[in-house]
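These notes are about the structure you will find just below.
The values are calculated or read from the model by the stated rules, or taken from the named source; none is laboratory data. Treat the numbers as computed from the prediction; the structure is a model and nothing was measured. Cβ atoms come from the backbone with ideal geometry, glycine included; neighbour counts cover every protein chain shown. Just the protein is used for accessible areas: all its heavy atoms, side chains included, with ligands, DNA and RNA removed. Shrake-Rupley method; radii C 1.70, N 1.55, O 1.52, S 1.80 Å.
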Amino acid sequence: MPSLGGDAAQPCVRARGLGHVFGDGTAALEDIDLDIEQGSFVALLGPSGCGKSTLLRLISGLEMVSRGTLSVDCAKGALREGARSGIGFVFQDAHLLPWRTVLENVALPLELRGVARDDARTRALRCIADVELGDAEGRFPDELSGGMRMRVSIARALVTEPSLLLMDEPFAALDDLTRQRLDERLRDLWKRHRTTVLFVTHSLSEAAFLAERAIVMSRRPGRIVLDRAVELPFERAGAIRTDVAFARQTEVLYQALERHGSLDGF
Amino acid sequence: MARSTASSQLLPPLATFVVVVTAWEISVRVLDVPRFLVPPPSAVLAALGADLAMLAGSTLTTARGALFGFFLSASIGTGAGLALSLSKTLERGLYPYALFLQTVPIVAIAPLLVLWFGPGLRAVAVSAFIVSVFPVIANTLSGLRGVDPRLKDLFRLYGAGRLATLFKLDLPFALPSIATGLRVASGLAVIGAIVGEFVAGFAEGSAGLGITVLAAYRQLRTDLLFAAVILASLLGLTLFAAVNLVSGAVLRRFRTPT
């Protein structure tokens, strides 16, 4: 595994025997053992309904842990605002507030935490520039393309300077080209900030392109069936997707999914 | 949506109006229908002109009752919808009784309103309120229940308090739904006021349209009755248009489709 900066001794997320059962009795997750190092980029693959989203919700604290243990300790140093400021969440769709401009949407998390207006504005503008939307700060979501809205959503997640970024199939609803470009931007952002990222996706090539490590889950109840490093160079240009080495990585992931019958759910 | 010019919007209904009124006038005259059954439009217009002052006074009286009732509905209805949205238990416990307001035969309980509130404006306004409040409660509630759950999650994740969530997320999200409820209520409030006047409207200095309708009916002044009905519809339309105008402006501010 490549060296990933941060404090290697203290994982950002540590799960032991983590499980989850829905209200109607169906088991969503079973016996998950997982360590996620600070500063790593981890892709989480698996069929629909295998509990990937549930895992993100557990880690974010939106869902209560009822089985096993889970500790989330990603903060580098003291937390700036509130206990959960360490986590950013990006959903499958942008989920912006339509009555707020790009700037107001991105500043929302800071506003909710009581950060002073000017400070919030400065930080929001910086994040908007980070996702290359600098000229769109005054526009409203309905004036943006799907890809731009998603970038606003990412900027909103980054504005609190989270030490853990949870992304739940963020680009799944976009067309292929837009998705690839956003993947490249996201990889660049990660290289600069080294925020720990846990990225749920259905796409093998997206997982291989983005992540340093890929985890494959089985059908419900979700278990980890493969957990391996992505053996690709740290610097990845878009063209790497046509590389033989790249194909070999996706092949391994594909086989893991196939071996465990996980493909039925795709 | 294609933007249509004012003339292309106004012309078709205007043409319908002219055709219907002309056909009505001609057929009543040709068939020699008795005036107390169906008066020709010209007679209705004449009645409108002859009793203009009285009819205008009646319209204003009814408008006051309807407006008063509508504002009661708007404030109490949104408040109740909001309260019910706060707790599932509260909703289960109270919603069936809110539904009762929708199903209660207003004509049957109007005498009660006279007993409780005295004849006149107050009883009429309460009648308008009872008839129009349910759509406001129901639409406010469904609007608040329909808030994007992912955004709810996000607000939770960022530690937003109840009030911040209410004003920055829930209410703006529910606005289109609340506006729908208010639009329906505006029309119903006028109906409720007139029905209320049938029973409770006699103590006013200037009788409302409901009283005018009753009086015209007893005297077989069908032309006057028609005039009053037309004014009542116009009153409903005006209130509806006003609500539409205000809610449209608010919704545009919040960039939600009307």
- Item | Candidate set: region A:172-193, residues that are open to solvent by 60 Å² or more (accessible area, probe 1.4 Å) and outside any helix (DSSP H, G or I); chosen: the one modelled with the lowest pLDDT | A:Ala173
- Every listed condition ((1) farther than 21 Å from B:Ile211 by Cβ; (2) of a type outside the set (A, V, I, L, M, F, W, C); (3) within 28 Å of the chain's Cα centre (by Cα)) holds for B:Asp51 save (1)
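Could you list, in sequence order, the residues of region A:105-119 that are facing chain B (nearest Cβ under 10 Å) and in a helix (DSSP H, G or I)?
Scanning region A:105-119 gives A:Leu108, A:Pro109, A:Leu110, A:Glu111, A:Leu112.
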- Task: Determine if region A:142-157 includes at least one residue that is over 21 Å from the mean Cα position of the chain (by Cα) and part of a helix (DSSP H, G or I).
- Result: yes
- Query: Residues that are buried (at least 19 other Cβ atoms within 10 Å of the Cβ), within 14 Å of chain A (Cβ to nearest Cβ) and touching a helix residue (DSSP H, G or I) at 6+ places or on another chain (Cβ under 7 Å): which helices (runs of 4 or more DSSP H) entirely in region B:152-247 hold 1 or more of them?
  - Reply: B:171-200
- Please find, within region A:46-61, the residue that is farthest from A:Gly86 (Cα to Cα) out of those that are within 15 Å of the chain's Cα centre (by Cα) and hydrophobic (A, V, I, L, M, F, W, C). A:Leu55
- Looking only at helices (runs of 4 or more DSSP H) that fall completely inside region B:49-148, which ones have 3 or more residues that are modelled with pLDDT of 90 or more and open to solvent by less than 30 Å² (accessible area, probe 1.4 Å)? B:52-86, B:121-145
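For (1) assigned to a loop (DSSP other than H, G, I, E, B); (2) modelled with pLDDT of 90 or more; (3) among the small types (Gly, Ala, Ser), each residue gets a yes or a no:
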site	(1), (2), (3)
A:Gly49	yes, no, yes
A:Glu63	yes, no, no
A:Gly68	no, no, yes
A:Gly77	yes, no, yes
A:Arg80	yes, no, no
A:Ser85	yes, no, yes
A:Phe89	no, yes, no
- Query: Of all residues in region A:28-76, which are among the hydroxyl-bearing types (Ser, Thr, Tyr) and either open to solvent by 40 Å² or more (accessible area, probe 1.4 Å) or within 14 Å of chain B (Cβ to nearest Cβ) (or both)?
  - Reply: A:Ser48, A:Ser53, A:Thr54, A:Ser60, A:Ser66, A:Thr69, A:Ser71
- Run A:Thr122 past the list (1) open to solvent by 40 Å² or more (accessible area, probe 1.4 Å); (2) more than 14 Å from chain B (Cβ to nearest Cβ); (3) farther than 23 Å from B:Ala160 by Cα and report the number of the one that doesn't hold. (3)
- Query: Name the pairs: first residue in region A:133-150 and within 14 Å of another protein chain (Cβ to nearest Cβ), second residue among the polar types (S, T, N, Q) and open to solvent by 10 Å² or more (accessible area, probe 1.4 Å), Cβ to Cβ under 8 Å, at least 6 apart or on different chains?
  - Reply: A:Gly138/A:Thr101; A:Arg139/A:Thr101; A:Phe140/A:Thr101
- Could you please let me know if B:Phe36 is outside any helix (DSSP H, G or I) and open to solvent by 70 Å² or more (accessible area, probe 1.4 Å)? yes
- Note on the structure: With the first residue restricted to region B:88-112 and required to be touching a residue at least 40 places away in the same chain (Cβ under 8 Å), and the second required to be among the hydroxyl-bearing types (Ser, Thr, Tyr), Cβ contacts under 8 Å at 6 or more apart or on different chains are B:Glu91/B:Ser85; B:Ile106/B:Ser127; B:Ala110/B:Ser127
- Message: Can you tell me which condition A:Arg236 does not meet? The list is (1) assigned to a loop (DSSP other than H, G, I, E, B); (2) open to solvent by 50 Å² or more (accessible area, probe 1.4 Å); (3) out of contact with any Gly (no Cβ under 8 Å at 6 or more places or on another chain), and all the others hold.
- Response: (2)
